[in-house]
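The values are calculated or read from the model by the stated rules, or taken from the named source; none is laboratory data. Fair warning: this is a prediction, and the values are worked out from it, not measured in the lab. Don't worry about glycine lacking a Cβ; one is built from the backbone with ideal geometry, like all the others, and counts go over all protein chains shown. Calculation scope for accessible area: heavy atoms of the full protein, side chains included, ligands and nucleic acids excluded. Shrake-Rupley method; radii C 1.70, N 1.55, O 1.52, S 1.80 Å.
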Amino acid sequence: MSSPQIVLISGCSSGMGLATAVFLAKDAQKRFKVYATMRNLAKKGQLEEEGKEYLGDTLVIKQMDVCSDESVEKAVKEVLDTEERIDVLFNNAGVSLSTILDCVPMEMAKEVFDINFFGTLRLIQAVLPSMKARQSGHIINNSSVFGIIGTPFFEIYSASKFAVEGLTESLVPILKQFNIRCTLLEPGPVSSAIGDNNTERTKGVDLKTVDQKTQDLWVRMLGRIGPTFEGNLLTSQEIAEVVQGIILSDEGQFRYLPNKAMLDEEITARFADATGFKSVNLITKKFCDEK
């Protein structure tokens, strides 16, 4: 049997990261050995419980804070010292932010970028030297449909994911010269803890100073986003299966949109209309215009 692929995943305390780590670790053919990382090891309980049969074998849990250069460098070095390679990096760690832009404290905006974009960048920089030296590797960056379509009241989150998209797309031509694959995963809404975490994060945002028209638009958006999500939610387990398929595909696609139905028309317009107006107008109609 060939050696398992060494897979490093960020953000494994819950949601897609946790589900993907367990799903790959329990592969019947033992094609993967997963290093599942998280910032706070106090939150490893669910991962330990769901992956208990595989701990120490195909599943290893490590501490890693994607917002810390030292933490990322230490975790990557430990994996390389043990395994001598990292075959797959899944940049999964991320946070959402949905609120009225006018009131977002700058530190909150910076935190979103530090996790979603700079966390991704830190990990890529940490694994690239070894991947280039081996002329082999695969980097999967977790983006979002909101990284393709800018969405009202998700401005900062969308911007952070647009940054991930630009970073990834720009890297592809270079990394192909080193036989390193680069893939964008662009999920739509997923039933995970990210929504609850957004609610907790935005408790400190004071909306009382916002003009009435913007507040009315915010209420209108809240009334429409839920029904738009309904029927389009994927589970974290379904995303885990997509990630496995991405890893195992010989060539595969650059972009994977596992549930683009929520914004299918808008995404199609985005790539088809060079003026950019069509997708923007569709989003305006969907979330902002009076009906």
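Reported count of residues in the range 145-159, each being under 26 Å from Val7 (Cβ atoms) and either part of a strand (DSSP E or B) or touching a Gly at 6+ places or on another chain (Cβ under 8 Å) (or both), is 1. Could you say whether any residue in the range 111-122 is touching a helix residue (DSSP H, G or I) at 6+ places or on another chain (Cβ under 9 Å), in contact (Cβ under 8 Å) with a residue 40 or more places away in the chain and in a strand (DSSP E or B)? Looking through the range 111-122, none of the residues is touching a helix residue (DSSP H, G or I) at 6+ places or on another chain (Cβ under 9 Å), in contact (Cβ under 8 Å) with a residue 40 or more places away in the chain and in a strand (DSSP E or B).
Just one of the numbered conditions (1) out of contact with any Ser or Thr (no Cβ under 8 Å at 6 or more places or on another chain); (2) outside any helix (DSSP H, G or I) is not true of Cys182: (1).
Quick check: anything in the range 183-193 modelled with pLDDT under 95, aliphatic (A, V, I, L, M), in contact with a helix residue (DSSP H, G or I) (Cβ under 7 Å, 6 or more places away or on another chain) and open to solvent by 40 Å² or more (accessible area, probe 1.4 Å)? Checking the range 183-193: not a single residue is modelled with pLDDT under 95, aliphatic (A, V, I, L, M), in contact with a helix residue (DSSP H, G or I) (Cβ under 7 Å, 6 or more places away or on another chain) and open to solvent by 40 Å² or more (accessible area, probe 1.4 Å). Val112 meets each of the listed conditions (1) open to solvent by less than 40 Å² (accessible area, probe 1.4 Å); (2) within 22 Å of Thr20 (Cα to Cα) apart from (2). Looking at the structure I just gave you, is Ile140 in contact (Cβ under 8 Å) with a residue 12 or more places away in the chain, assigned to a strand (DSSP E or B), surrounded by 17 or more Cβ atoms within 10 Å (Cβ to Cβ) and β-branched (Val, Ile, Thr)? Against the criterion (in contact (Cβ under 8 Å) with a residue 12 or more places away in the chain, assigned to a strand (DSSP E or B), surrounded by 17 or more Cβ atoms within 10 Å (Cβ to Cβ) and β-branched (Val, Ile, Thr)), Ile140 qualifies.
Across the range 204-225, the qualifying residues are those that are assigned to a helix (DSSP H, G or I) and of a type in the set (S, T, N, Q), and the one among them that is farthest from Glu107 (Cα to Cα) is Gln212.
Filter the range 216-230 down to residues that are open to solvent by 40 Å² or more (accessible area, probe 1.4 Å) and under 21 Å from the mean Cα position of the chain (by Cα) and give me whichever is nearest to Asn141 (Cα to Cα). Filtering first and then ranking leaves Phe229. Is the range 86-98 home to any residue that is open to solvent by 30 Å² or more (accessible area, probe 1.4 Å) and closer than 24 Å to Ala19 by Cβ? Taking every residue of the range 86-98 in turn, at least one turns out to be open to solvent by 30 Å² or more (accessible area, probe 1.4 Å) and closer than 24 Å to Ala19 by Cβ.
Please work out if Thr202 is surrounded by 13 or more Cβ atoms within 10 Å (Cβ to Cβ), more than 21 Å from Leu18 (Cα to Cα) and modelled with pLDDT under 90. Reasoning before the result, please.
Working: surrounded by 13 or more Cβ atoms within 10 Å (Cβ to Cβ): yes; more than 21 Å from Leu18 (Cα to Cα): yes; modelled with pLDDT under 90: yes.
Considered against the rule, which asks whether it is surrounded by 13 or more Cβ atoms within 10 Å (Cβ to Cβ), more than 21 Å from Leu18 (Cα to Cα) and modelled with pLDDT under 90, Thr202 comes out as yes.
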